[in-house]
Structures are given as structure tokens and as C-alpha cells.
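> Before I ask anything, here is the structure I am working with.
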Amino acid sequence: MAFAPSERLRRLPPYLFAEFERKRAALEKAGRDIVNLGIGDPDQPPPALLLDTLTSCLRDEGVHQYSPSQGIEEFRSAVSAFMKGRYGVSLENRQICLGVGSKEVIAHLPLALTNPGDVVLVPEPGYPPYRSGAVFALCEPFVLPLSKKNGFLPDLDAIPPDVARRAKILYVNYPNNPTGAVAPEGFYRRCVDFARRHGTIVVSDEAYAELYYEEAPVSFLQAPGAADVGVAVHSMTKTFSMAGWRVAWICGNPDIVEIVRGFKANCDSGQFMGFQKAVARVLTGGTGDMKSIRDMYRRRRDLFVEGTRRLGWDVPCPSAGLYVWFEVPKKGLPSMAFAEKAMEEADVIMLPGSGFGGAAEGFMRVALTVTEDRIREAVSRLSRLRL
Ligand SMILES: Cc1ncc(COP(=O)(O)O)c(C=O)c1O
């Protein structure tokens, strides 16, 4: 028998990160020493407090049984305390729902909250699941270009009125992947205003909110009225270097959170309760760990930015996030061609802007997920590229 992917799946482009991971594996198999600045997969182990809490609860009664879809009370209470302490945002536990990582929450949201034919507003460049989730739900993704001249913020006033009327979800993501931009509170106020006028749900992806190098970024939920119209999605992946654990949450508007919980009850059974207990502990006691992780990325960021600037490249210094986003150092060279050149000639993987959508052509993304020595090595190899 022959099998084919569904029409919805066929409508998606190949998942860029997976493509580059395949290329990396092939090169390494051929014996090449690759510096992988591609995928944003934290390379260091999570904090000891997290690991110790996990090991100490492994024999707790009932810990290996199914979790409630929305997460255990201990986890949600810790999230509530964290959101209050970090952002001054008060949330009851019913306004918080556990996610099996934030990727699934983002990709599933349109299935829970939209109907076929609704518009989903997706930033470009942007994290691919905003678009794929919309396509899976038979929605119409409408691209909001993020341009350098707008500080990589979408221009909500430029959305045509007939599109705005049909817009069911607006995705925003700050600190932004891939551009590193941070949103001022005024931007979130404009999102609330837009959502009120058009009956749109704002979904603010705050996966990088704790990786900042200057001022701590604000949350969408700090904007007045935000919890009337939307939710924030937070992830532990980058905050505590724990991508494989798959722990995240969605919080804010109680009705939206309840709908998401109801949807998720049909397709997952929460996350291992040991992980939830460990995260609850580190969320309330891990401020120092967050700071050390930030310091580590700051050092890496400085090495890459200063090193490539010495090569004459125009590389902006991001104030938050896990990535450096810069223009291809040779005018007119497509980003994919530059990425291939760096891979072939320098054994350095960087992601081309074109993989994040047409609006990002001409840019490159570097993930700071290798050690300082490997960043030095990458810069030294890149210095030998003939551009
Ligand atoms: C913008 C953004 N949101 C969400 C995620 C998903 O993180 P996770 O599924 O590990 O929580 C990522 C991962 O790279 C991301 O870049």
C-alpha cells in the first residue's frame, strides 16, 4: 500500500530546523567537525536544584500516574507565584494550564479556538508552528512582516480591514525569535486595543522572556486589559536549559485557558508529575540559576558579536533571546547561499533568514547554544570565508 501525507501537511514547507539537523548529521558522519549554531537547543545541563528535586520525588506516591491535563496544583501555584513576583501579574490557578512544551500549545491553539476559514495573524520571520497550527486548523495564515525599520514589531494598522475583521488569533513573540527584538509595553497596549476592536485573541509567546541581557522584558499580561483578550505562553526550555523535559504553560484569560485545557484533555495527559514538581521548586527557588544562565549567554553573545564585527560584518547586539540576527555580510548574496557556503567552507551551521519566510531574506540567525571555545572557533573559521 502507498501512503501519502494529508493535504494539510502537504501545504507546509519542509521544517527548516529538521532539514539542517539532517545535513549536520550527514556531515558529522562523514567525519567533519561541525560548529552547530543552527537550532536553539540549550547545550548545558539544567540547574542542580531541578535535578535534585526530580531525583528526590521519584518515589513519591502516585508520581508516576497520569497527571491532570491542566497540571498539578503544586505546579500551577508555583507558576502563579512566579508570574506575580516577576511580572506583578495576579493569576488564579484556573488561569494557568500546563503545556507539554510550548510548541504543542502553539500548534494546537487554532484547533481549539478557531473555525475553518478564520484568519490567523502570523509574524514573519517567526517560529514555524504559528503558521503550521493555522494550516492544520484550515485557517488562513496572514503574514505580518517584521521589518528592521519597525523595530521588528508588526504594524497592526497596516492590516487590511477585511482581514482584521476575520482575524481570530494574533501571535506575537517577544523577546523575538529570530530577530532578538523586545516589545515595549506600548506595543502590547496596541495589541489589546486591536483585539478589542476585532474580537481577536492575542497569543503572546514569551518563551525567551527570562533570557535578557539588559532590562527585564515586560509581559503582554502587564498591559491593562490583556487578560480580557489573550494569553501568554511560557516555556521552561530556554530558561533552565531543559528542552527535553517538555514543560510549559499557557496563562491569562480564564475562558481561553479552559478551552485549551478541554482540548488538551482529548490529546495528551499532561506531563510527568516529577518534572512538574521539579519545575515548581526551581521556579520559586531558582532565581540565581536563571541569572547564571543569562550570564552564560551574555558572554557567548559578546564573543560572537565582537568577533564578527572585527571581520567587518554589521552585527547588531541583541538585548534578549538566544539568537543573533544579522544581515548577510555580502550584499546581494541570498541567505541560503551564505548558509551553504559557511557550512561547506567553514563547517559552521547558521540558519538562513529565507527559512523563516520571505520577509526575512537577507538575514542570518545564529543560536548561542555552543560553548565560548566553539564560538571562538566558529568566528576564526568564518574569518577565512572568501566573500
Ligand atoms: C519562539 C519560540 N516559541 C516556542 C518555542 C518552543 O519551545 P518549547 O516547545 O521547547 O517550549 C521555541 C523553540 O525554539 C521558540 O523559538
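> Which ranges mark the strands (runs of 3 or more DSSP E) fully within segment 117-214 that have 3 or more residues being open to solvent by less than 10 Å² (accessible area, probe 1.4 Å)? Walk me through how you get there before you give the answer.
Details: elements: 119-124, 140-145, 167-173, 201-205.
In segment 117-214, 119-124, 167-173, 201-205 are the strands (runs of 3 or more DSSP E) which contain 3 or more residues that are open to solvent by less than 10 Å² (accessible area, probe 1.4 Å).
> Name the one entry in T237, T287 that is touching a helix residue (DSSP H, G or I) at 6+ places or on another chain (Cβ under 6 Å) and among the hydroxyl-bearing types (S, T, Y).
When all the criteria are applied, what remains is T237.
> Further question: Taking M83 and the conditions (1) more than 16 Å from the ligand (Cβ to nearest atom); (2) under 25 Å from Y130 (Cβ atoms); (3) of a type outside the set (K, R); (4) in a loop (DSSP other than H, G, I, E, B), which numbered condition does it fall short on, given that it satisfies the others?
(4)
> Still on this structure: Please find, within segment 31-51, the residue that is least open to solvent (accessible area, probe 1.4 Å) out of those that are of a type in the set (D, E) and within 27 Å of the chain's Cα centre (by Cα). Spell out the reasoning first.
To start, the set of residues in segment 31-51 that are of a type in the set (D, E) comprises 33, 41, 43.
If we keep only those that are within 27 Å of the chain's Cα centre (by Cα) as well, we get 41, 43.
Numbers: D41: 77, D43: 59 Å².
Taking the candidates together, the pick is D43.
> What pairs can you find where one residue is in segment 100-111 and without any contact (Cβ under 8 Å) to a residue 40 or more places away in the chain and more than 21 Å from T200 (Cα to Cα), the other is open to solvent by 10 Å² or more (accessible area, probe 1.4 Å) and part of a loop (DSSP other than H, G, I, E, B), and their Cβ atoms are less than 6 Å apart, with a gap of 6+ or different chains?
none
> Residues in segment 147-191 that are more than 16 Å from the ligand (Cβ to nearest atom) and of a type in the set (G, A, S): how many?
Summing the residues that are more than 16 Å from the ligand (Cβ to nearest atom) and of a type in the set (G, A, S) in segment 147-191 gives 6.
> Under 6 Å between Cβ atoms, which residue pairs at least 6 apart in sequence (or on different chains) link something in segment 306-326 that is touching a residue at least 60 places away in the same chain (Cβ under 8 Å) with a partner that is basic (K, R)?
The qualifying pairs are L322/K238; Y323/R365; W325/R365.
> Return the pair list, or none, for Cβ contacts closer than 6 Å from residues in segment 152-177 that are without any contact (Cβ under 8 Å) to a residue 40 or more places away in the chain to residues that are open to solvent by less than 10 Å² (accessible area, probe 1.4 Å), at least 6 apart or on different chains.
Correct list of pairs: F152/L146; F152/N176; L153/F187; P154/L144; L156/F194.
> For segment 104-116, enumerate the residues that are under 14 Å from the mean Cα position of the chain (by Cα) and either crowded, with 22+ Cβ neighbours inside 10 Å or more than 15 Å from the ligand (Cβ to nearest atom) (or both).
If the condition is that a residue be under 14 Å from the mean Cα position of the chain (by Cα) and either crowded, with 22+ Cβ neighbours inside 10 Å or more than 15 Å from the ligand (Cβ to nearest atom) (or both), then V105, I106 are the ones that fit.
The values are calculated or read from the model by the stated rules, or taken from the named source; none is laboratory data. All figures in this text were calculated on a predicted structure; none of them were measured in a lab. Positions of Cβ are generated from backbone atoms using ideal geometry, with glycine treated the same way; all protein chains shown enter the neighbour counts. Areas reflect the complete protein model, heavy atoms only, side chains present, ligands, DNA and RNA absent. Shrake-Rupley method; radii C 1.70, N 1.55, O 1.52, S 1.80 Å.
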